[in-house]
Amino acid sequence: MTTTGAPASIPDSHLPASGGLPPIPDHMHVETLAIHAAHGADAATGAVAPPIYLSTTFEREADGSLPHGYLYARDATPNRTSLERVLAALEGGQAAAAFSAGMAATMAVFQSLAPGDHVILPTSVYYGTRKLLDQVFARWGLTMSSVDMQDADNVVGALRPTTRLVWVESPSNPLLAVADIERIATIAHDAGARCAVDNTWATPVAQQPLALGADLVMHSTTKYLGGHGDVTGGALVTREDDEFFQRVRTVQTAGGAVAAPFDCWLVVRGIKTLPCRIRAHTANATGSCRWRWVASCSREHAYPVSCSSFATPGTTMLVTSGATRTGSGSPTRSWCMAGISRSRSESKRRTEMSG
C-alpha cells in the first residue's frame, strides 16, 4: 500500500479481516483521500459507511494466533486503524497514532524524551503545551526555552547540547504567528534534535510539515479535522516509523491515552468534508483581505496568507493592522485562512466604511 509520497501507515496484518482495506493509489487528490483512504466498503454487508466496532477483545485461533490482527482495544481497534490510515495518507507520513485528546498526543511526545533533555518552544504557542512543560515535565527534569520562531535565527540561539526537540506551532494559536518550518527543521536536524509541528490550525489540506522536513505532526482532531464540535481527540503522524515513534506508541498504549472507536468514527466522518470546509474558510479569508477590514479596524488582526491574489506563491504573508510581512518556508499547497471571523452585519458595515 502507498500513500501520497509515502508508504501507508497500517500493515495488512492489522487490517480488519472482513475484506480489509484496499490499497491507496498513488497521486490521489486530497478530496478523494479524505473520503476513501480510511476504509472501503464492508465486505460482509456491502455497506459504504464504516461500522463502529465497540468490542474491547477480539477472537483468537485455537493455537493462540490473532487472525484478524487485533487483541485488545487499548492496543488497536478497527476504527482507530481507519483513522490513523487516513491521517497518515493526508500528511504523507509512514504511520499515525490516534489519541483521546490533542494534549494526550503532545504529552506522549514529551514523555518519550529523557530527563535532562531540552525542548525549544515558540513564544506564541497553545497555552496547554507550555503548561504541560512548566507544571508537569519540569519536575521530571525536562528543560524548556521559548523563542519567537517567526525569526528562525532565534532557534539557533536557543540550542543547547541537550536539545532533543524543537516544537513548532505554525500558524500559532491564538496569535497566528507563522514560522519557517523548513528552515527550523534543518536547524533542529543539524543540532541532532527532532522537529515536531502542531498543524492543527492549517490542517494537512493547507500545509504538510513532513514534506518540509519535520519529523512529527500533531493535531487536535477536536478542531478542523472533526469539524462538528462533537468529539475530542488528538493525533500524531510521523515521517518515519522509527524507534522514537515506537516509544510514543508504547507511552500511548501503556497509559491508555487512546481514541475510542466512536470518537475515531466521528473524526473519520469529519475528515470527509475537510477539504471543502478549508476551501470555504480560505474564501472567507481572501474576501476579508480584499475588503480591507484590517486597515479600517482599530484592533490588530492577523491573517496568515499564501494566495496568488495577495502574495507570490511560495511566500507567507502576515497581515497585521494593514502591515504585511513576508517570509519563506510556506506550505506545500497555496492557502489562506482567517483567524478572526465577523458576523455578516459587521462585514457589511466594514465594507461600507472602507468605501
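Just flag the trypsin sites (Lys or Arg not before Pro) in segment 80-156 sitting in loop per DSSP whose Cβ has no more than 16 other Cβ atoms within 10 Å. Write out the running numbers ahead of the final one.
On the way: sites: ARG80, ARG85, ARG130, LYS131, ARG139; in loops: ARG139.
Passing sites in segment 80-156 are ARG139.
Could you compute the FRET efficiency for ALA283 and SER65, with r as their C-beta to C-beta distance and R0 at 45 Å, rounded to 0.05? Before the final figure, lay out the partial values.
Numbers: r = 52 Å, r/R0 = 1.16.
Once rounded, the FRET efficiency stands at 0.30.
Which of ASP75, ASP134, ASP215 has the fewest other C-beta atoms within 10 Å, and how do the rest follow up to the most?
Numbers: ASP75 14, ASP134 11, ASP215 23.
Least crowded to most crowded, the residues run ASP134, ASP75, ASP215.
Suppose we take every Cα in segment 78-272 and form the convex hull; what volume per residue is that in Å³? Each step should come with its number before you reach the end.
On the way: hull volume 20.0 nm³, N = 195.
Enclosed volume per residue, from the Cα hull, is 103 Å³.
On a full-extension model of 0.36 nm per residue, what is the gain between ASP242 and HIS189, subtracting their alpha-carbon distance, rounded to one decimal in nm? Let's see the in-between values first.
Working: separation 53, 0.36 × 53 = 19.08 nm, distance 1.53 nm.
Extra length available between ASP242 and HIS189 comes to 17.5 nm.
Would you list LEU212, LEU66 from fewest to most Cβ contacts within 10 Å? Can you show the working numbers first?
Numbers: LEU212 22, LEU66 14.
Ascending number of Cβ neighbours within 10 Å: LEU66, LEU212.
Please arrange SER288, SER100 by counting, for each residue, the other beta carbons lying within 10 Å of its beta carbon, fewest first.
Details: SER288 23, SER100 18.
So the residues, fewest neighbours to most, are SER100, SER288.
For segment 166-282, calculate the relative contact order in percent as a whole number, restricting contacts to Cα pairs under 8 Å that are 6 or more residues apart. Please list the in-between numbers first.
Values: 159 pairs, mean separation 23.8, N = 117.
Reported as a whole number, the value is 20 percent.
The numbers here are math on the coordinates, done by the rules we state, and not lab data. Keep in mind the model is a prediction, meaning the values are calculated, not measured. Counting neighbours? That spans all protein chains shown, and the Cβs are built from the backbone with ideal geometry, glycine included.
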